[in-house]
Amino acid sequence: MRRDALDADDSAFLATLLQAGLMLFACGLIGGSELGEWFHRRETGRQAVEQTDQRGRGDHA
């Protein structure tokens, strides 16, 4: 930041914005990963229930 010929206050302000932006980006990546995992677990559970239902119907038919 010092190479840009900015004074200390401007450099500190830009560094703070950069840090906040990177933190929001990281939170977005983590949140997206958690959401993807949640959907995956939900779909896997749904498939397990459907397979159990199909097995149950096959035994009684």
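The values are calculated or read from the model by the stated rules, or taken from the named source; none is laboratory data. All of these numbers come straight from a predicted model, not from anything done at the bench. Neighbour counts run over all protein chains shown; Cβ positions are idealised from the backbone, glycine included. The protein model used for the area step is the full one, side chains on, heavy atoms only, and it has no ligands, DNA or RNA in it. Shrake-Rupley method; radii C 1.70, N 1.55, O 1.52, S 1.80 Å.
Rolled with a 1.4 Å probe across the full set of protein chains, the surface gives residue 35 an accessible area near 90 Å².
Express in % the proportion of alpha carbon pairs of the chain at distances exceeding 19 Å. Walk me through the numbers before you get to the answer.
On the way: 1152 of 1830 pairs.
Result for the distance tail: 63 percent.
Against the main long axis of the alpha-carbon atoms of the chain, helix 8-60 sits at an angle near 0°.
Approximating the spin labels as points 7 Å out from Cα along Cα→Cβ, the residue 15-to-residue 57 distance works out to 6.5 nm.
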